Amino acid sequence: MLSLHVKFNSGLAKVAPLVVVVVSGAFAGCGGGGGSGAGASGQQAISLADKAVVVGTEAVTPATGTNQATTTTTTATSTPAAKAPTTTAATTEAQTTAPATTTALLTDALFAPTSFWYAAIPANAPLHANSAGFVADFLRQKQAYYQTVNINTREYASPVYVADANVPTVKVAYSNCQNKRYPETALEAQWAAVPMPSHALAADGTDQEMTIYQPSTDTLWEFWIARQASGQWQACWGGKMDHVSTSDGTWTAPYGTTATGLPFMGGQITAEELARGEIRHAIGISLVETETFTVLSWPAKRSDGYNPDQAANRIPQGLRFRLDPAIDVDALNMGQAGKIIAKAAQKYGFVVWDKAGAISIRAQNPKSYTALGQPDPYPTLFGGRPSYAVLNGFPWERLQFMPLDYGKP
């Protein structure tokens, strides 16, 4: 496991009230890993490249993805294509909850319709026998580590660049930053021809995550510690996922950047979702301390959990949990973005996918927009709140943990 870094930044960028932009704080996680080891963690976000998601123009679907949700897009030319969703600061916080629209987004159905990411949890679903113990440990960790649940954006969240069919491919070299004593020839083959947009930038922070998605080939690439050296892209871990639209939404072991092998695009929240007023998938969440790596729950493919003292009530990686569906979210003392997340937590829940320096979820990295000269959408979407305060008022004591391997086919 890489050494743990904790970074916190409470500064807010000023943005025109017309635009949606992204983040103000970040808590670092353990780095990604792979090969034959137990796995390691990373963080992520989403960015839109030569074909950019825009709220409200022409509908486009991947050529091979017959079950894909349509995504409103515009074709890139020599001018920036990716536009942040528009919103107004006044309306954002004046309403208790934004009315959800029927606008379909890429993240609604990127993977197969049967993927766990999109499976709502029935109100009467059985709970884990130790649900109360897990809730107690969650609250302990929240109190012990910054008394908050943060939303990572610019750091430890992955930009996602959606690459047009005409984007030139480049080789991404394997950097072996972990000094492994064996080659990673399979990974190098996966990165032999990556459609890399010219404006692509990795996330800030030590994990430097980045995601490339190409609808025309139905392919997804993830990178951990991605950087350019002497003009060539390189990364330390990640993977290539073929046939994304029919995938179950997990990486084939041992690939992928998060500790569990669950892809960023499945569990990050996006600016477009917040602007729409609804998140239609489970949300990935990182904890500080989890059960030992030999105890994990589907859909996790691996774990970097560590519990040498066998402390009670440690939560296994991969475990699903939700907010009690009986709660009236509209009555909570939260801003609009927080309520949107809380409603998704009731319907789809959270999945433990990584470790970090504080409990945190990830939002699509604003570099998806700022790399194209556009503003960060999150200060407006967050109602001017710093990222660590967006979820203030969330009733974490009312969490409900699902049984081990919940939903496994």
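The values are calculated or read from the model by the stated rules, or taken from the named source; none is laboratory data. Note that the structure is a prediction, hence the values are computed from the model and not measured. Note: ideal-geometry Cβ built from the backbone for every residue, glycine included; neighbour counts use all protein chains shown. Accessible surface areas use protein heavy atoms only, side chains included; no ligands, DNA or RNA. Shrake-Rupley method; radii C 1.70, N 1.55, O 1.52, S 1.80 Å.
Applying the criterion of being without any contact (Cβ under 8 Å) to a residue 60 or more places away in the chain and not in a strand (DSSP E or B) to the residues of the range 220-246, the residue that is least open to solvent (accessible area, probe 1.4 Å) is Ala226. Of the residues making up the range 181-198, just one is open to solvent by 20 Å² or more (accessible area, probe 1.4 Å), touching a residue at least 12 places away in the same chain (Cβ under 8 Å) and closer than 26 Å to Gly284 by Cβ, namely Gln190. Could you tell me whether Gly249 is out of contact with any helix residue (DSSP H, G or I) (no Cβ under 7 Å at 6 or more places or on another chain), open to solvent by less than 10 Å² (accessible area, probe 1.4 Å) and closer than 15 Å to Phe111 by Cβ? Judged against the criteria, Gly249 is not a match. Residues of the range 156-174 that are over 12 Å from the mean Cα position of the chain (by Cα) and either surrounded by 24 or more Cβ atoms within 10 Å (Cβ to Cβ) or within 14 Å of Thr370 (Cβ to Cβ) (or both): Tyr161, Val162, Ala163, Val172. The residue that is nearest to Ile121 (Cα to Cα), among those in the range 304-330 that are crowded, with 19+ Cβ neighbours inside 10 Å, of a type in the set (A, V, I, L, M) and touching a Lys or Arg at 6+ places or on another chain (Cβ under 7 Å), is Leu323.
Does the range 194-203 contain any residue that is modelled with pLDDT of 95 or more and farther than 23 Å from Ala271 by Cα? Yes; the residues of the range 194-203 include at least one that is modelled with pLDDT of 95 or more and farther than 23 Å from Ala271 by Cα. Looking at this structure, is Ile121 at pLDDT 60 or above and assigned to a strand (DSSP E or B)? No. Every listed requirement among (1) farther than 19 Å from Asp108 by Cβ; (2) under 15 Å from the mean Cα position of the chain (by Cα); (3) crowded, with 24+ Cβ neighbours inside 10 Å; (4) of a type in the set (A, V, I, L, M, F, W, C) is met by Ile285 save one, (3).
Filter the range 120-155 for residues that are crowded, with 17+ Cβ neighbours inside 10 Å and either of a type in the set (A, V, I, L, M, F, W, C) or over 22 Å from Ala389 (Cβ atoms) (or both); which is farthest from the chain's Cα centre (by Cα)? Checking each candidate, the answer is His128. Only a single criterion out of (1) open to solvent by 10 Å² or more (accessible area, probe 1.4 Å); (2) not in a loop (DSSP other than H, G, I, E, B) is not satisfied by Lys301, namely (2). Residues that are modelled with pLDDT under 95 and in contact with a strand residue (DSSP E or B) (Cβ under 9 Å, 6 or more places away or on another chain): does the range 229-246 have at least one? The answer is yes; a qualifying residue exists. Within the range 331-380, if we keep just the residues that are of a type in the set (Gly, Ala, Ser) and closer than 21 Å to Gln143 by Cα, the residue that is surrounded by the most Cβ atoms within 10 Å (Cβ to Cβ) turns out to be Ser360. For Asn150, the test of being touching a Cys at 6+ places or on another chain (Cβ under 8 Å) and in contact (Cβ under 8 Å) with a residue 40 or more places away in the chain is failed. Number of residues in the range 381-409 that are within 18 Å of Ser360 (Cα to Cα), more than 19 Å from the chain's Cα centre (by Cα) and open to solvent by 40 Å² or more (accessible area, probe 1.4 Å): the value is 5.
I'd like to know if the range 153-170 contains one or more residues that are on the phi > 0 side of the Ramachandran plot, in contact with a helix residue (DSSP H, G or I) (Cβ under 8 Å, 6 or more places away or on another chain) and not in a helix (DSSP H, G or I). Taking every residue of the range 153-170 in turn, none turns out to be on the phi > 0 side of the Ramachandran plot, in contact with a helix residue (DSSP H, G or I) (Cβ under 8 Å, 6 or more places away or on another chain) and not in a helix (DSSP H, G or I). Quick check, is Pro113 open to solvent by 50 Å² or more (accessible area, probe 1.4 Å) and modelled with pLDDT under 95? Taking the combined requirement at face value, the residue does not satisfy it.
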